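These notes are about the structure you will find just below.
Nothing in this text is a laboratory measurement; each read-out follows from the coordinates by a stated rule. Only a predicted model underlies this, so the values are computations on that prediction, with no experimental measurement involved. Note: ideal-geometry Cβ built from the backbone for every residue, glycine included; neighbour counts use all protein chains shown.
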Amino acid sequence: GDSVTQMEGPVTLSEEAFLTINCTYTATGYPSLFWYVQYPGEGLQLLLKATKADDKGSNKGFEATYRKETTSFHLEKGSVQVSDSAVYFCALIPATNAGKSTFGDGTTLTVKP
Amino acid sequence: DGGITQSPKYLFRKEGQNVTLSCEQNLNHDAMYWYRQDPGQGLRLIYYSQIVNDFQKGDIAEGYSVSREKKESFPLTVTSAQKNPTAFYLCASSIGQGARTYEQYFGPGTRLTVT
């Protein structure tokens, strides 16, 4: 079946550091790929998405590129802020049967001033 | 404002009781979903519905039941058959068939504690 693997956390960075959170997936065909962010006690918010190979999703300084050859969708940000502290989830929705989405286990990011 | 509401935010029940979690959306989305989130873990799909009066089991449907009588509403009942019901429950919705990306929009969640 489909699966999403994220780098294990937690990740702790200083403000203005460069962020990478790795995400790789296993799925047939060409799934759609997503990054969500969850702040404490809240639901998930869509951060960015990509629907086909080589697409780059971007939002609020975060970026991720859909790499079919490496089945990856790594999240990056050039300069993190304290307000970026949250849990980040990588997810995929398969090309068929859109209801069956799969999420990674989440990576907790803490940014220190 | 369009969005998804879940109520209540915190819910406490005694073991052996059924409990129903509410989920309402005014986004005119066709599809709705229920997930369970345990501490330090990702989301696991309980049930989903792509149209009114139809729903499918997700990966962990045992001990749960749903209904979809209206497009806007997708309540989840946690029955006494669910062995470990204490968790954070998230409802989500998305636009339906014909749209490629199907990104999901989430409610704020309900934290259920069963003792």
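Think of chain B as a dipole: +1 on every Lys or Arg Cβ, -1 on every Asp or Glu Cβ, centred on the Cα centre; then among B:Phe88, B:Phe106, B:Gly58, B:Phe88 lies furthest on the positive end. Remark: the stretch A:57-64, residue by residue, has Karplus-estimated 3J(HN,Hα) of x, 8, 5, 6, x, 8, 9, 7 Hz, where x stands for each Gly or Pro and the curve is 6.51 cos²θ - 1.76 cosθ + 1.60 at θ = phi - 60°. Across the stretch A:66-78, coupling constants 3J(HN,Hα) worked out from phi with the 6.51/-1.76/1.60 Karplus curve, θ = phi - 60°, read 6, 10, 5, 5, 10, 6, 10, 8, 6, 8, 9, 8, x Hz, and Gly and Pro carry x.
Straight-line cross-link reach from A:Lys112 at under 18 Å between alpha-carbon atoms covers these lysines, not counting any fewer than eight positions away in the same chain: A:Lys77. What's the longest piece of chain A with no exposed GluC sites (Glu not before Pro), counting a site as exposed if DSSP puts it in a loop and it has at most 12 other beta carbons within 10 Å? In short, A:17-68.
For the stretch A:16-68, the Cβ-based charge dipole about the Cα centre amounts to some 220 debye (Lys, Arg positive; Asp, Glu negative; other atoms uncharged).
Efficiency by 1/(1 + (r/R0)^6): what FRET value for A:Ser14 and A:Asp55, r their Cβ-Cβ distance, R0 = 25 Å, to the nearest 0.05? About 0.20, to the nearest 0.05. Cα centroid separation, the stretch A:1-23 to the stretch A:25-42: 13 Å. Summing +1 for each Lys or Arg and -1 for each Asp or Glu among the other residues whose beta-carbon sits under 14 angstrom from that of B:Val114 gives +3. Counts of other chain beta carbons within 10 angstrom of each beta carbon in peptide A:42-52 average 4.
Relative contact order, whole percent, for chain A stands at 36, derived from Cα pairs under 8 Å and 6 or more residues apart. Sequentially through the stretch B:77-82, phi angles give Karplus couplings (6.51, -1.76, 1.60; θ = phi - 60°) of 9, 9, 8, 5, 6, 6 Hz, Gly and Pro residues having no value and appearing as x. Residue by residue along B:60-66, Cβ atoms of other protein chains within 10 Å of the local Cβ number 0 on average.
For chain A, a simple Cβ point-charge model (Lys and Arg +1, Asp and Glu -1, everything else neutral) yields a dipole of about 260 debye relative to the Cα centre.
Here the spin labels are modelled as points 7 Å beyond Cα on the Cα-Cβ line, and at B:Leu27 and B:Ile51 they lie 2.1 nm apart. Close amide H pairs (under 5 Å, H built 1.01 Å from N) link B:Gly109 with B:Gln6, B:Cys91, residues at least 5 positions away or on another chain.
Using 1/(1 + (r/R0)^6) with R0 = 45 angstrom and r between the beta carbons of A:Val82 and B:Ile60, what's the FRET efficiency to the nearest 0.05? That pair, A:Val82 with B:Ile60, gives E of 0.80.
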